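> One structure, as structure tokens, below. Some questions next.
Read-outs throughout are calculated quantities, based only on the coordinates presented, and are distinct from any laboratory measurement. This is a predicted model, so every value here is computed, not measured. A quick note on method: Cβ atoms are made from the backbone with ideal geometry, for glycine too, and the neighbour counts reach across all protein chains shown.
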Amino acid sequence: MALALTFVPLGYLVIRATERGVGPFMDRLWRAGTLRLALRSLELAAIVTALSLVLGVGLAWLVTRTDLPFRRAVQVGLGLPLALPSYVAAWSWIGFRPELAGRTGAVLVLTTIAYPYVYLPVLAALRQSDPATEDAARSLGHGPWSVFWRVTLPQVRLAATGGALLVGLYALSDFGAVATMRYPVLTHVIFRSYGSFDRTPAAVLGCLLAAMTFVIVGLEGWVRRRGGSHSVPAARAARPHTVVRLGRLRWPLLAVPAGVLAVCLGVPAWGMQRWSSRGSARTDWGELWDAVGNTLQVGALGALAVVVVATPVALLSARHPGRLSDLAVRAAYAGHSLPGVVVGLSLVFFGIRFATPLYQRLPLLVLAYVVLFLSFGIGVIQGAVAQIPPVLEDLARSLGRSGVGAWRSVTLRLAAPGIGAAATLVFLTVMKELPATLFLRPTGFDTLATRLWSHSSAFTYSAAAPYAVAIVLLAALPTAALATVGDRRSVR
Amino acid sequence: MSTLRAEGLVRTYRGREPVEALRSVSIEAGDGDLVAVLGPSGCGKTTLLRTLAGMEHPDAGTILLGDRVLDGPGAHVAPERRAIGLVPQEGALFPHLDVGGNIAFGLRRLSRAERRARVATMLDLVDLPGYERRRPHELSGGQQQRVALACALAPSPEVVLLDEPFSALDTGLRAALRSQVLATLKEAGTTSLLVTHDQTEALTMADTVAVMREGRIVQAGPPHEVYRRPADAWAAAFLGDAVLLPGRRLGPSSVECALGTLRLAPDFAHHDGEEVTVFCRPEQVQPAAAASEDRSATVCGVRFTGPEVLVELDLHAGGTRLSARWPSTLLPTVGDTPCVAVTGDVLAYPPG
């Protein structure tokens, strides 16, 4: 099922790319320009991933393992940039410093909104790891710095690599930021070629992009296997972690997260404020409320569908790892890496050809969300299931539960916070999603993102501002909820 | 009748290098008995436990509970239908349920009032009355273990399986908990099977000890039997400190070695050749008044353990070194030259 979902768009892509024969396909692929494009995409993804790793891991450590002032507020605040759609952030930066357009701007915007993909899972892993190992290392003569490198970091490696993968794929497949920053990478060029009469080059480049993501996903799997799982979840009583005293640096160091927040949230806020104050257009409240309602509706439907598909796949791959579950997970990641444009258009094609009754109706749109965001669901739920000792399932069975019953009464119950987090993440992302929604929404059906797009394409920034504000406010709540997942003090 | 009987169990894990976890294991736990499966880690004892519980399917062999076939050719009863309880390693509990919820987990058929009464009874049984509302993480290791036992016993299973239940606890607590768990199991009258790598645990708790090695049961019998008359030199050394000396068979019931001429235990399949390895326990080597048959030795090491001393001896004849266990009232000092003699019978194994 999960496999089929991803292979429909992938298959379409390959068919479109090769319908003129393999010769032209190879010609197009081996052009110097194509190679340059691919390298530029990879470079962008690599820089953004590296910066996000440093930022995400460093900040997560700072807010969980030190006596930084206002830790709890900072913990939540640092996850909030996730709520920003890339196009909103990019427009704000262009308005703030127009000279940033190009690579610098793309890196800046993508890093400031994508680092939470590393920060949030690492934060959760740091909260869940067994404090005893760090205490033992301190008693064995390692200072805080050495403990961080030799004990803490290996324990969050899995979470960090998973997060880095998401960042890399995000940077590779993002369209909004690179388009606004006028930085021609693969997605941007694909989108432009789709508009032209001959769509074959776009399909070829789409194949190339998909192949690149397969390589990246494979690379991540290799890193993961080579390192093994180092995470030691605390099975027993939850003791608080020993905190590193920052001493005189305590207050000065607060400037680090504060600075990050100022850059990541302050500039977009300033941008939105500027638009709304400058404009003369009046807000159509009815239209705004409609869009809010529609956004919540597609968000909820998308989240529900993803969780329903992702939960069995995640359970299977965490408990009975095998070729099939492996393939399903890979396929999900490949689906996520496909640009929304490609998924959107391929489902349009699919809908017209095979599922006419569904074309331009909500089910097809929800299907697109499942293809795009299944990996979020699987990744998060897998992590949650991996923390549950399998012996509990045996125990439930010895106490009279059937195999399915044991999963329902124990595994699902214990994984519920993780499933909730996955649903929240998907909800959030669906609300921000633009290209696939543009292609597949029912006629006359507008979400906040599509309204925002149509207003800003027409350069009526002041009319767009309320939608930008609404989308950020709507997204902020689930994001704040995500930042508290696994926080022991909030558990009971 | 809750006799658990397994015959010829075979389980091989397929893979690039197949692992033969069970190679024809037969074991029997009589009604109300406690059987300890004792073996080093990796000997297949956890696989045996999981197979008996129904989590693993055996490749061959049968498992019977009374006259009910649990596993056999073409038959496999699901774990939840076996009436076999499980106490997992380190007393794992469901972290999302409180103590009461954990114990009631296997009691779905009962009404709410019956369930509450049963939970209270079980908590009394494990000596934790009033703990219903506690969360697992608020309990100490020993308390978690007792709650885990209560969970397993609550649905009145015919058999309880315990998987290294005390390995994570400290020594003092372990001894106390052992006798408490034993008393609870006897009070409940449940047939139990305990898997462990701890010799003391197996010998002190079990009615029958089954020694397991490389997927086979090497020997099974009452604790004193397997301790005093181990089937081979490996089992002898695994079950406790062993004195193993080269010797020569003199006749059907006597053997000669550095400790003199010794009597062989009756009713034991001693090695038949002339060259043998003579086995006795260190506590059989005791100080004696000087006599012609006795052997003098030099004390070259003393380890005081409280009630006893472990003495390293250098036998003057043949320069053989061995250890002895004496009451600590006889505390020697290094350099003493006592005479020693063997009390009781010895065994003869193949040389090597």
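> Using Stokes-Einstein with the Kirkwood hydrodynamic radius over Cα pairs, what translational diffusion coefficient do you get for the protein assembly as shown at 4 °C and a viscosity of 1.567 mPa s, in µm²/s rounded to a whole number?
Taking Rh from Cα pairs, D becomes 41 µm²/s.
> Averaging over every viewing direction, what projected area does the convex hull of the Cα atoms of the stretch B:241-349 cover, in nm²?
Over every viewing direction, the Cα hull of the stretch B:241-349 projects on average to 6.7 nm².
> Taking chain B as a Gaussian network, where each spring joins two C-alpha atoms under 10 Å apart, which residue of B:ALA269, B:ALA150, B:ALA175 fluctuates the most?
Top of the fluctuation ranking is B:ALA269.
> Pick out which of B:VAL77, B:VAL211, B:VAL334 has the largest mean-square fluctuation in a Gaussian network model of chain B, springs linking Cα atoms closer than 10 Å.
B:VAL334
> Would you mind giving the mean number of other chain beta-carbons within 10 Å of the Cβ of each residue in B:108-114, as a whole number?
1
> Taking neighbour Cβ counts within 10 Å as the exposure measure, how do A:ILE94, B:ILE103, B:ILE63, A:ILE15 sort from fewest upward?
Listed from fewest to most nearby Cβ atoms, that is A:ILE15, A:ILE94, B:ILE63, B:ILE103.
> I would also like to ask the following. Can you give me the orientation-averaged projected area of the convex hull built on the Cα atoms of the stretch B:4-228, in nm²?
12.9 nm²
> Taking the Cβ of B:CYS43 as the center, what net charge do the other residues with Cβ under 10 Å away carry, scoring Lys and Arg +1 and Asp and Glu -1?
+2
> Still on this structure, I have one more. Please figure out what share of the DSSP beta bridges in the protein assembly as shown is antiparallel and state it in percent, rounded to the nearest 5.
The antiparallel fraction comes to roughly 75 percent.
> Would you calculate, for the protein assembly as shown, the mean residue ellipticity at 222 nm contributed by helices, counting each DSSP H stretch of 4 or more residues as -39,500 (n - 2.57) and dividing by all residues, to the nearest 500?
After summing the helix terms and dividing by residue count, I get -17000 deg cm²/dmol.
> Could you give the length gained by full extension between B:PHE304 and B:SER254, i.e. 0.36 nm per residue of separation minus their alpha carbon distance, to one decimal place?
14.7 nm
> To the nearest 20 debye, what is the magnitude of the charge dipole of the stretch B:241-349 about its Cα centre, counting +1 on the Cβ of each Lys and Arg and -1 on the Cβ of each Asp and Glu?
Magnitude of the dipole: close to 140 debye.
> Suppose every K and R has +1 on its Cβ and every D and E has -1 on its Cβ; what is the size of the dipole of the protein assembly as shown about the Cα centre, in Debye to the nearest 20?
4080 debye
> For the stretch A:63-171, which chymotrypsin sites (Phe, Trp or Tyr not before Pro) pass both filters: DSSP loop (anything but H, G, I, E, B) and at most 12 other C-beta atoms within 10 Å?
Loop-located and lightly packed - A:PHE70.
> Give me the extension gain from A:VAL404 to A:GLN297: residue separation times 0.36 nm, minus the current Cα-Cα distance, reported in nm with one decimal.
Full extension from A:VAL404 to A:GLN297 adds 35.4 nm.
> Quick check: from the Cα gyration tensor, does the stretch B:135-192 come out rounded (a/c under 1.5), prolate or oblate?
Oblate shape, in that a/c is at least 1.5 and b/c is the bigger or equal ratio.
> Further question: Could you work out which residue, out of B:ARG228, B:ARG249, B:ARG303, moves most in a Gaussian network model of chain B, that is, has the largest mean-square fluctuation with Cα springs under 10 Å?
Highest fluctuation among the options: B:ARG303.
> In whole angstrom, how far apart do the alpha carbon centroids of the stretch A:373-443 and the stretch A:147-221 sit?
About 24 Å separates the Cα centre of the stretch A:373-443 from the one of the stretch A:147-221.
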